[in-house]
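This report concerns only the one structure given below.
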Amino acid sequence: MRISKAVTSIRYGHLAIEALKNNKIFDFIARALDPLFVPWMNLEDIHLARGMSAGVTLMDFSQNRIVGGRAMSKSDNFFKNIKAGIQILEEIFKGGLGDKRKIFVGTEKDQGHTMAIFGHTIFVGSMLGLIFGANKRNLMNKIGGLIRNIGGFAGDMTMVQHRDPDMKRAGIFYAINAVIDALQRFLPKEIIDPINHFNMILNNIGTYFYGKISQNRNEQVLVDFA
């Protein structure tokens, strides 16, 4: 487990450095959150901690169509991402839940709106679980973890529908991971270690494909929504 934590932390740390070199600040924040929190978590809370990274990641990818890949400074990239995030939330609100809705529609019409919603859901659930129940099996740990995993599964399903093949593959492994992680929170502690070790394998495979996605975007060859 220590080796797995170390390997994934090094991988995310490398991706964070690459994102910073390319002035992709939200991508940098998402990658840096993993090695900042995951090494200190118990086995059953690793994916809860990873939810902060996953949440920011989905927000970041949902904003890619607006921010684009053109060269800009770190500060310009950061503030453009903030504006893009606000714009997407406004579009979701204005679209409502009727015929003009922007969420739960086809990928081409959705344009990342559903991904953004569940990115926020994952992040909030993870924060609740970590602030009030990190490395504990209390009620807030279970509630926060459940919110994180419901948002995670739904967000992963938007990845599965993405046009980029590596995004699809990552989404499949992460979705299975989210279901198992939600179930293990309600099982007796003495039987969850083997389950979580298996779940780490799924997560690490998903991380491999997700690393390829980051690399593709840095090289501006990522297949986007449009």
Seminar exercise, completed: Picking from I103, I88, I131, I117, the residue that is outside any helix (DSSP H, G or I), modelled with pLDDT of 85 or more, of a type outside the set (D, E) and within 20 Å of the chain's Cα centre (by Cα) would be I103
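Working only within the range 134-185, note down all residues that are small (G, A, S) and part of a loop (DSSP other than H, G, I, E, B). Spell out how you get there, then give the answer.
Pass one, the range 134-185, residues small (G, A, S): 134, 144-145, 151-152, 154-155, 170-171, 175, 178, 182.
Across the range 134-185, the qualifying residue is only A134.
Here is a yes/no grid of residues against (1) within 20 Å of G152 (Cα to Cα); (2) among the aliphatic types (A, V, I, L, M); (3) surrounded by 15 or more Cβ atoms within 10 Å (Cβ to Cβ); (4) modelled with pLDDT of 85 or more:
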position: I176; (1), (2), (3), (4): yes, yes, yes, yes
position: N196; (1), (2), (3), (4): yes, no, yes, yes
position: I205; (1), (2), (3), (4): yes, yes, yes, yes
position: A226; (1), (2), (3), (4): no, yes, no, no
For this session: Kindly list, by first and then second residue, each pair from a residue in the range 192-208 that is over 19 Å from A30 (Cα atoms) to a residue that is charged (D, E, K, R) and surrounded by 13 or more Cβ atoms within 10 Å (Cβ to Cβ), limited to pairs with Cβ atoms under 7 Å and residues at least 6 apart or on different chains.
Result: I192/E44; N196/E44; N199/D181
Seminar exercise, completed: G112 vs (1) farther than 21 Å from D34 by Cα; (2) modelled with pLDDT of 90 or more; (3) crowded, with 16+ Cβ neighbours inside 10 Å: all pass except (2)
For this session: Can you give me the number of residues within the range 42-71 that are touching a residue at least 40 places away in the same chain (Cβ under 8 Å), basic (K, R) and surrounded by fewer than 19 Cβ atoms within 10 Å (Cβ to Cβ)?
Result: 1
Exercise. Restricting the search to the range 14-41, which residues are under 20 Å from R70 (Cβ atoms) and either touching a residue at least 40 places away in the same chain (Cβ under 8 Å) or more than 18 Å from the chain's Cα centre (by Cα) (or both)?
Worked result: E18, A19, L20, K21, N22, N23, K24, I25, F26, D27
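Which residues, counting only those in the range 20-35, are over 11 Å from G211 (Cα atoms), in a helix (DSSP H, G or I) and touching a Ser or Thr at 6+ places or on another chain (Cβ under 9 Å)?
So the first thing to find is which residues in the range 20-35 are over 11 Å from G211 (Cα atoms), and the list is 20-30, 32-35.
Next, only the ones that are in a helix (DSSP H, G or I) stay: 20-21, 25-30, 32-35.
Correct list: I25, F26, D27, I29, A30, A32, L33, D34, P35.
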Problem set entry | Any hit, the range 75-91, residues being surrounded by fewer than 16 Cβ atoms within 10 Å (Cβ to Cβ), out of contact with any Ser or Thr (no Cβ under 9 Å at 6 or more places or on another chain) and polar (S, T, N, Q) | yes
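Do you know which of the residues in the range 106-132 that are among the polar types (S, T, N, Q) and touching a helix residue (DSSP H, G or I) at 6+ places or on another chain (Cβ under 7 Å) is farthest from V56 (Cα to Cα)?
First, the residues of the range 106-132 that are among the polar types (S, T, N, Q): 107, 111, 114, 121, 126.
Filter once more, so that each one left must be touching a helix residue (DSSP H, G or I) at 6+ places or on another chain (Cβ under 7 Å): 111, 114, 121, 126.
On the way: Q111: 17, T114: 14, T121: 10, S126: 11 Å.
If we take residues in the range 106-132 being among the polar types (S, T, N, Q) and touching a helix residue (DSSP H, G or I) at 6+ places or on another chain (Cβ under 7 Å), then Q111 is farthest from V56 (Cα to Cα).
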Problem set entry | Residues that are of a type in the set (D, E) and surrounded by 23 or more Cβ atoms within 10 Å (Cβ to Cβ), drawn from the range 6-32 | D27
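The values are calculated or read from the model by the stated rules, or taken from the named source; none is laboratory data. Note that the coordinates shown come from a computational prediction; the quantities given were computed from them, not determined experimentally. Cβ atoms come from the backbone with ideal geometry, glycine included; neighbour counts cover every protein chain shown.
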